[in-house]
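The values are calculated or read from the model by the stated rules, or taken from the named source; none is laboratory data. Everything numeric here is computed off the predicted structure, so don't read it as measured data. Side chains included, ligands, DNA and RNA excluded: accessible areas come from the protein's heavy atoms. Shrake-Rupley method; radii C 1.70, N 1.55, O 1.52, S 1.80 Å.
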Amino acid sequence: VRMILIGPPGAGKGTQAPKIKEKFSCCHLATGDMLRSQVAKKTPLGREAKKIMDAGGLVSDDIMIGMIKEELDTNRECKGGFILDGFPRTVAQAGALDKMLAEKDQKLQHAVELEIDDALLVARITGRLVHPASGRSYHQIFNPPKKPMTDDLTGEPLIQRSDDNADALKKRLATYHAQTVPVVGYYKKTGIWKSIDASQEPGQVWNSLLKIFGENN
Ligand code: AP5
Ligand code: ZN
């Protein structure tokens, strides 16, 4: 499959994407996870990105477009297709993606919007726990790990993201409305846009995704 998931912070992109990856044996490219891995390695990009991420802003289009292009060109898992999580986030990124794919004679099949009211996101974001190495996420209440603060699969510790607080979330939401909602408009003009009610429980959201695949695959 070749698809993107668009939605605000906490909509469930990182929760649903691994299931799509498993279903289609494609790659899951999460630009936020890629940036966090640079932060963890303390690379120059990581140091720069951390400031921007903690302030709820966006890393430059050129850097993000380059990162996705590199993965699509070299990541073997992407031979089976891809699911993009967190990209494109600006209209410029969306245009660059179309161009990248056209050069490979490929087209996006689905642009799926995870639609949810901002008010529901605070609880999701402030209760999230993540396994840094894999990007797997849990929730203290909605999806608790089997052992407190411990990843189910590796037994390694879970952490809270440094941008997962009410203050940074406000800024991330403002950025989403200003820069990423126009991306939704961009895809609405194509035939591939679909919207899902992301306030449903995770299993219901997954069922909604399966319906979309059933219709178009
Ligand atoms: P990124 O990592 O992409 O963060 P985000 O967009 O803010 O999205 P989140 O990861 O917070 O939400 P999610 O939708 O994945 O939610 P999840 O499934 O984990 O980006 C971080 C930063 O990097 C950006 O702010 C920016 O600075 C930078 N960046 C990244 N990409 C960029 C780009 N392309 N260009 C420029 N800058 C870029 O779920 C959240 C919680 O809710 C979890 O605890 C989960 O268990 C729970 N949950 C999930 N689904 C449900 C449900 N249905 N019901 C109840 N709980 C649920
Ligand atoms: Zn995520």
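Round to the nearest 10 and report in Å² the accessible area of residue 161, as given by a 1.4 Å probe over the protein chains' heavy atoms.
Per-residue accessible area (residue 161): approximately 40 Å².
Report P(r) for the stretch 26-172: all Cα-Cα distances, bin width 5 Å, range 0 to the bin holding the largest distance, values in whole percent.
That works out to 2, 8, 15, 19, 20, 17, 12, 5, 1, 0, in percent per bin.
Per residue, how much accessible surface does the stretch 38-134 expose to a 1.4 Å probe? Answer in Å², no decimals. Display every interim value, and only then the final one.
Numbers: 5030 Å² over 97 residues.
Here the per-residue accessible area is 52 Å².
On the accessible surface of the chain, probed at 1.4 Å, how many percent belong to carbon and sulfur atoms? Spell out each step's value before the answer.
Numbers: 5980 of 11240 Å².
The C+S portion of the solvent-accessible surface of the chain is 53 percent.
Measure up 79/189; 23/146; 50/170; 107/188; 41/99 against 19 Å on the Cα-Cα distance and list the ones that go over.
Values: 79/189 28 Å; 23/146 24 Å; 50/170 17 Å; 107/188 15 Å; 41/99 31 Å.
Over 19 Å apart, Cα to Cα: 79/189; 23/146; 41/99.
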